[in-house]
Amino acid sequence: MSGRPGGGARGQGAALAFSLGLGLVTFVILLLLPSTSLADRFAPSWWLFVPAYLLAQHLSVDFEFRKEAHSFHLTQLPATFGILFLAPFAHVAARLLGTAIDSLALRRESPVKAAFNLALGAAEVAVATTVVHALAGSADSGARLWLALLVGLLAAETVGAVSVPAVMRLVGARVSLRQVIEPLTFSAASTVLVAGLAVVALSSVLGDPSSLPVIALLAAGLTVAYRGYRRVAASQQSTEALYAFVKDLGPLDVRHEQTRQALEHVRLLLHARHLDLAVLDGPGEQWRHIVVQEHDAGEAVAPPSPLLQEVARTGAPALRAGRGGGDADRMATPLVGSGGMLGILTVTERLGDTRTFDMRDLRLLETVATELATALERGRLLADLETAATTDSLTGLPNLTETTRLLDLALARGEVLVAAVAVESFREVNDTLGHEVGDNLLLEVTGRLRRACPDAVVGRIGGGRFAVAVPAGIAGNDPEMFGLGVRAQVEGATTLGGVGTHVRLAVGVVRGPEHGTEAATLLRRAETAMHSARDAHGGPVVWEPAYEVKGQRRLAVVSALREALSTGAIGVAFQPKVDTRSGAPTGVEALARWTHPALGAIGPDEFVPLAEASGLMGLLTSSILRQSLTACRGWQRRAANVGVSVNVSADTLLDAAFVTEVAAILTAVGVEPSLLTLELTEGVVMADPALATERMGELRAIGVKISVDDFGTGYSSLTYLKGLPVDEVKIDRGFVNGLVLDPADRAVVRAVVDIAHTLGIRVVAEGVENTQQREVLQDLGVDELQGFLHARPMPAMEMSSWLRQGERAFQA
């Protein structure tokens, strides 16, 4: 048996004092023992026992119990024969010399540890000899001797089992009762066997001394054979255990207890006292340790060891086998995944005193590490999928599904107030400054909502819409005040992309369970109130049953729209544009018109946004284009070179297939591309300026003209005009309405005309309703006019007649 003292200077001093005390007690016991051996008929030389002890301390019998490796040294054999055939002092001298050679020369242990092992060895010999002499009496064979040897050897083992934990406690190590009792349990079994073999050997030697070499040779052969068998059996058991481990190993998440259980399985598989999985949660982060060890799991770990740092630096496995000098043996290997190193697996101190870790163990560790790396990657993938299923990727807030679940939990606890919050400035910022700035706006709103409502469920439920839910009691049980509080704390100025803007909200509020007993119902009704809040300067608007009718109409319109597009029920009306000075027709704008048999007349302001929201805008645009170009081809005989203009949304323009589709329709209908003008709002252009400019260039390349509609209502209109491939701009009717009386509106129109003409772009004014407006626009240099003054929107057949009459009037 060998001890493990170490620790600081004070601990080593205590361990040395303990060893000296143990040695002194041993010396006193030796003085009280007889000076002769128990069996004096055979007296071998004491020095023969020195190599016997030395060999026995390096030979051991290995076995497994409860999936853990155990072993016992064969020092009991020379101890048994020494008790029988050597005088006590000679026996102790042989034990001391053998232990000294082993500890100092072979294992190179520290002086303190060597001193302890010397004192313990001498004490075990003295105690065992005393007990055997006391119990055996004059018997030198038979059952009484066997019983005396059994008790004596057990007494010696007890001394070791108590002394080792005692000195470990002196140096500050933690020692459990199990660490004292368990070695004694296994020693009892081995002692019964050794004592029996000793009695048999003693009988043979006393009867025929020449049989001693045969017995020694037989014992050595059996020991070697057993060790060989154990190596083969251990290899087979390791393979079976590895197979079982891999078969049962599923995805691992380091945050869950399942990972610790898998690591405990690995520790037992490798027969290690201590296992440490160090993982990096992300680039630049500290090592995170998950520890399992014998008798205790999850103990705090010291800073990364030199071995871990070496493996982290080299990316290669490493083995440090050595119990000499008090150092525990250990090995480590990296866990490498598809994206690089995931972590480092380190095992320390092989169970049992049979051997240290070797290359066989390191190869097994590498195999286990490969399987663990795969399991960890699968675990991370599942965790990412779970996060993606419940979390909004931009804001990190719960998504609609998770928000609904959390709101259901809140409802189960009592009354709640739920606010649906729309960021009104989101679409404007997105359209004018781009999606990246729009995302930054949402992140800013997210931060403000979290600070304003730290105890609330805050989720992103789509686009620029959020949900905020709090227990009704926290908000004073007042839905309107709750909504006002949200607006007051979230709205305000901010700077995005170097441009100052203002966060504006529309807030709809519901109370649960009064307005709904399910989360999905509350969210839907809160959004319905939120849509009404947009017409009430942002609200807040508290939901009422009447609002449900509006929401139901929206659903009915979308459903009817799908059917109308499939049956061609959506038609086109046309309104002409005329030359400002001559009044001659210069072009026609196509305007979608729809009358539903049950829903009645539905204006573009209602169904076009719904078409965009429901993904029907592409079908609607194709239908309007085809009808418009067909009508244009029909009036060419009466009004040659009078083209048609069609409005296009942002999603349609940015679609990669749009240019090809336009060219195909032009070819199919048989209309020259120069007769088609596509009208885009400033918001359409600024949704993605680079891509929009590219698409506009592609359209102009096939001969289609480009017009910017509602010009002057967006950001930086005049500054970006010069960089766009544009043929025409249409001044918004808002400037035309106040043109006669408002000098500012006239100044804006004059500036637009001057810059547009400088760039070679024609200017159209829409919404012209009286002759005064026409005269002012003519004076300002506007090229074309459109409005009720000249004609209201009309069907295709009437448009052809109007163009024919307009042509005659112009010729007259």
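The values are calculated or read from the model by the stated rules, or taken from the named source; none is laboratory data. Here the structure is a predicted model, which means the values were calculated and not measured. Here the Cβ is made from the backbone with ideal geometry for all residues, glycine too, and neighbour counts use every protein chain on show. Side chains included, ligands, DNA and RNA excluded: accessible areas come from the protein's heavy atoms. Shrake-Rupley method; radii C 1.70, N 1.55, O 1.52, S 1.80 Å.
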Please give, to one decimal in nm, the separation of the simple spin-label points placed at Q805 and T401, each 7 Å out from Cα toward the Cβ. 6.1 nm
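Starting from 0.36 nm per residue, how many nanometres of slack lie between Q552 and H537 once their C-alpha separation is accounted for? Each step should come with its number before you reach the end.
Details: separation 15, 0.36 × 15 = 5.40 nm, distance 2.28 nm.
Roughly 3.1 nm would be gained on extension.
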Quick check: pseudo-label points 7 Å beyond the Cα along Cα→Cβ at E544 and Q309, how many nm apart are they? 7.3 nm
For the modelled label position 7 Å from the Cα of L20 along Cα-to-Cβ, which residues of region 90-115 have backbone nitrogen atoms closer than 16 Å? 111-115
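Please give the FRET efficiency for T667 paired with A690, using the beta carbon to beta carbon distance and R0 = 45 Å, rounded to the nearest 0.05.
On the way: r = 28 Å, r/R0 = 0.63.
Result of the calculation: an efficiency of 0.95.
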What order, most packed first, do the peptides 728-738, 336-346 have when packing is the mean number of other Cβ atoms within 10 Å of each residue? 728-738, 336-346
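Rounded, prolate or oblate: which one fits region 463-600, using the alpha carbon gyration tensor with axes a ≥ b ≥ c (rounded when a/c is under 1.5, else prolate when a/b beats b/c, else oblate)? Walk me through the intermediate numbers first.
Numbers: a/c = 3.40, a/b = 1.61, b/c = 2.11.
The shape class here is oblate.
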Once amide H atoms are placed 1.01 Å from N in the peptide plane, what residues at a sequence separation of 5 or more from V503, or on another chain, have their amide H within under 5 Å of its amide H? G492, A493, T494
Rounded to the nearest 0.05, FRET efficiency between Q772 and S614 (Cβ-Cβ, R0 51 Å) equals 0.75
Extension length gain for A598 and A134 (0.36 nm per residue less Cα distance), in nm, is 155.6 nm
Please state the shape class of region 743-795: rounded when a/c is under 1.5, otherwise prolate if a/b exceeds b/c and oblate if not, all from the C-alpha gyration tensor. oblate
Residue order for W543, W47 - accessible surface, 1.4 angstrom probe, largest first: W47, W543
Which residues in region 438-461 place their backbone N less than 19 Å from a point set 7 Å from the Cα of A493 along the Cα-to-Cβ direction? 441, 444-445, 448
Within region 576-593, whose backbone N sits under 17 Å from a point 7 Å along Cα→Cβ of S674? 586-588
Label-point separation (nm) for L789 and R360, each offset 7 Å from Cα along Cα-to-Cβ? 10.2 nm
Between region 559-577 and region 466-508, the Cα center-to-center distance that results, in Å: 39 Å
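Using a 1.4 angstrom probe on the protein heavy atoms only, could you order V28, V457, V662 from most to least accessible area? Intermediate values should be presented prior to the final figure.
Working: V28 75, V457 30, V662 0 Å².
Highest to lowest solvent-accessible surface, that is V28, V457, V662.
If you take the beta carbon distance between L104 and L31 as r and set R0 to 30 Å, what does 1/(1 + (r/R0)^6) give as a FRET efficiency, to the nearest 0.05?
Numbers: r = 27 Å, r/R0 = 0.89.
Here the calculated transfer efficiency is 0.65.
For region 411-538, what relative contact order do you get, as a whole percent, if you take Cα pairs closer than 8 Å and at least 6 residues apart? Walk me through the numbers before you get to the answer.
Numbers: 209 pairs, mean separation 46.0, N = 128.
Worked out over region 411-538, it gives 36 percent.
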Protection proxy ranking, peptides 797-804, 620-627, average beta carbon neighbours within 10 Å, highest first: 620-627, 797-804
Sorted by mean Cβ packing within 10 Å, highest first, what order do the peptides 402-408, 255-261 take? 402-408, 255-261
Rounded to whole Hz, the Karplus (6.51, -1.76, 1.60) HN-Hα couplings of region 590-604, x for glycine and proline: 8, 10, 5, 9, 8, 10, 9, x, 9, 8, x, 5, 10, x, x
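Which length gain, in nm to one decimal place, applies between E436 and L409 when the Cα-Cα distance is subtracted from 0.36 nm times their residue separation? Numbers along the way, then the final one.
Details: separation 27, 0.36 × 27 = 9.72 nm, distance 3.43 nm.
This chain segment gains 6.3 nm when fully extended.
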Name the residues whose placed amide hydrogens come within less than 5 Å of the amide hydrogen of I461, ignoring near sequence neighbours (fewer than 5 apart) on the same chain. F466, A467
5 Å is the cut-off here: which amide hydrogens, built 1.01 Å from N in the peptide plane, fall below it relative to G337, excluding neighbours closer than 5 in sequence? L342
